[in-house]
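In what follows, a structure is listed as structure tokens, so that the remarks can point back to it.
What follows is calculated from the coordinates using simple rules that are stated; it is not laboratory data. Since we're looking at a predicted model, the values are computed, not measured. Neighbour counts are summed over all protein chains in view; Cβ atoms, including those assigned to glycine, are modelled from backbone coordinates with ideal geometry.
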Amino acid sequence: MTGYRPNSGAGIILLSFILALMLTISPIPWEDRLPDWFSGLRPEWTALVLLYWSLAVPERVGVGCGWLAGLFQDALLGTLLGQHALAFAVIAYFAIRLHKHLRMVPVWQQSLVVLGLLFLVQILLFWINGIIGRPSPDWQVWTSPIIGAFLWLALFPFMRNIRRRYNIQ
């Protein structure tokens, strides 16, 4: 008789990161008809997926996964190699530190913490760009965490259903 062994879910987790990276670089179909300021309103899809998995399965997705996801995002966006990696590793660390508490609060309260962590990503990117002498970003990048926090309200239940369906523990 064998004991029940839950699905490792490594493929699902990897697929969710790949989809998040694809959403990060994919153009919006009607983007050519929108004003230039609209392009800065994109949420940090990879950071949102990283936060979900760091909260859901912190023993499997952590600082190292955040670092790797950030490196891939840096490579895809052509930014300074390591800036997103540092920012994502930092927010993964905080998510893991807070995961026991955040699991017990409602999703809308989680979204407030996610808002703070996404602002931390933008602050770290702003700081790194300042150190290397890149110009300051427009105001739109500061609205991206707000959009991400609102998306968390829909993303969290969606990802939780996927995790439960494939029994990822």
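Among complete DSSP H helices in the chain, those whose alpha-carbon atoms stretch at least 18 Å along the helix's long axis and whose mean Kyte-Doolittle hydropathy reaches 1.0 are 10-25, 63-77, 107-132.
Looking only at the stretch 111-134, which residues have a backbone nitrogen under 16 Å from a spot 7 Å from the Cα of Leu80 in the C-beta direction? Residues 121-134 qualify, since their backbone N sits under 16 Å from the label point. In this simple spin-label approximation, Arg160 and Trp139 carry label points 7 Å from Cα along the Cα→Cβ vector, and these lie 3.5 nm apart.
Counted over the chain with a bin width of 10 Å, the fraction of Cα pairs per bin, in whole percents, is 10, 38, 35, 13, 3, 1, 0.
Distance between the 7 Å Cα→Cβ label points at Leu23 and Leu120: 2.1 nm.
Ellipticity at 222 nm from helices only: DSSP H runs of n ≥ 4 in the chain, each -39500 (n - 2.57), divided by the residue count, give -22500 deg cm²/dmol.
A Cβ-based charge dipole, computed about the Cα centre of the chain with Lys and Arg at +1 and Asp and Glu at -1, lands at about 820 debye.
Spin-label model, Leu153 to Arg60: label points 7 Å out along the Cα-to-beta-carbon direction sit 2.9 nm apart. Most tightly packed first, judged by the mean number of other beta-carbon atoms within 10 Å of their residues, the peptides 85-91, 49-55 read 49-55, 85-91.
Between Asn129 and Met104, the C-beta separation translates, for a Förster distance of 35 Å, into a calculated FRET efficiency of about 0.45. Peptides 64-73, 120-129 ordered by packing proxy, namely the average of other Cβ atoms within 10 Å per residue, highest first: 64-73, 120-129.
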